[in-house]
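None of the figures in this text is laboratory data; all of them are computed from the coordinates on show. Here the structure is a predicted model, which is why all the values come from computation and not from measurement. Ideal geometry is used to build each Cβ from the backbone, glycine not excepted, and the neighbour counts take in all protein chains shown.
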Amino acid sequence: MTDEDRLREGLTVRRAVLGDEHVDRAEARKTALTADFQNFITRYAWGEIWARPGLSRHTRSLITISMLLALNRPEELQMHFKAAFNNGVTAEELKEVILHCGLYCGLPAANSAYHLLEDVLKVQGDMRE
C-alpha cells in the first residue's frame, strides 16, 4: 500500500469515525505549519491503525477513550466521546469505561471525564442510554 493509498483510506475512516463536519473543519484550518502533521495523522492513525481489521471500531473507541482519560487529554477525549457514538458505543458503555478508568487512572480523571461526557450528551440532546 502506498502513502497515497493510506491517505485515501485514512480519510475514509477518519470521516466515518469523526464525522464529515469535524474533518472538514480540520482540513479548512490546515496551514503550511500543520499540513504535514494532518497528513501524517490521516495516513498513520486513520489509514494504518484505525483501518486494521484486528479490532472493531467500537473496541478501538473504548480503548482510545481509556487512554485519553489516563493521559488527561480533555480536548481529544471530548472529540472521541462524540466519535464513539458513530462506532456504536452507548452512553452506558462510556459510563462504565469511565468508572473502570477511575479505579486505574484516579478519581479526579474519571470525575473530569464524566463532566466532559455530560457536556457532549447535552449538546446531542439526550443521554443515549
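Key figures
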{"quantity": "³J(HN,Hα), Karplus 6.51/-1.76/1.60, whole Hz, each residue of region 59-76, x for Gly, Pro", "calculated": "5, 4, 4, 5, 5, 4, 4, 4, 5, 5, 4, 5, 8, 6, 10, x, 5, 5"}
{"quantity": "Potential lengthening between R52 and H100 on full extension [0.36 nm per residue; Cα-Cα distance subtracted]", "calculated": "14.7 nm"}
{"quantity": "Around V13: net Lys/Arg minus Asp/Glu count, Cβ-Cβ under 13 Å", "calculated": "+4"}
{"quantity": "Inter-site label distance for L107 and A16 at 7 Å from Cα along Cβ, in nm", "calculated": "4.1 nm"}
{"quantity": "Net +/- balance of residues flanking A28 in space, Cβ distance below 15 Å, scoring K and R +1, D and E -1", "calculated": "+1"}
{"quantity": "FRET efficiency, 1/(1 + (r/R0)^6) with R0 41 Å, evaluated for A28 and A70 via beta carbons", "calculated": "0.85"}
{"quantity": "Ascending count of other beta-carbon atoms within 10 Å, so fewest first, for K30, K122, K82", "calculated": "K122, K30, K82"}
{"quantity": "Overall Cα dimensions of region 56-129, principal axis frame, Å, largest first", "calculated": "28, 27, 20"}
{"quantity": "Descending semi-axes in whole angstrom, ellipsoid equivalent of the chain, from the Cα gyration tensor", "calculated": "27, 16, 14"}
{"quantity": "11 Å tail of the calculated P(r), region 3-45, as % of Cα pairs", "calculated": "62 percent"}
{"quantity": "Environment charge at D3 (Cβ cut-off 13 Å; Lys +1, Arg +1, Asp -1, Glu -1)", "calculated": "-2"}
{"quantity": "Fewest-first sequence of S112, S56, S66 by Cβ atoms within 10 Å of each Cβ", "calculated": "S56, S112, S66"}
{"quantity": "Estimated dipole of the chain in Debye, rounded to 20 [Cβ of Lys and Arg +1, of Asp and Glu -1, Cα centre]", "calculated": "140 debye"}
{"quantity": "Cα centroid of region 104-124 to Cα centroid of region 5-28, whole Å", "calculated": "25 Å"}
{"quantity": "Sorted by Cβ neighbour density within 10 Å, fewest at the top, the residues M67, M1", "calculated": "M1, M67"}
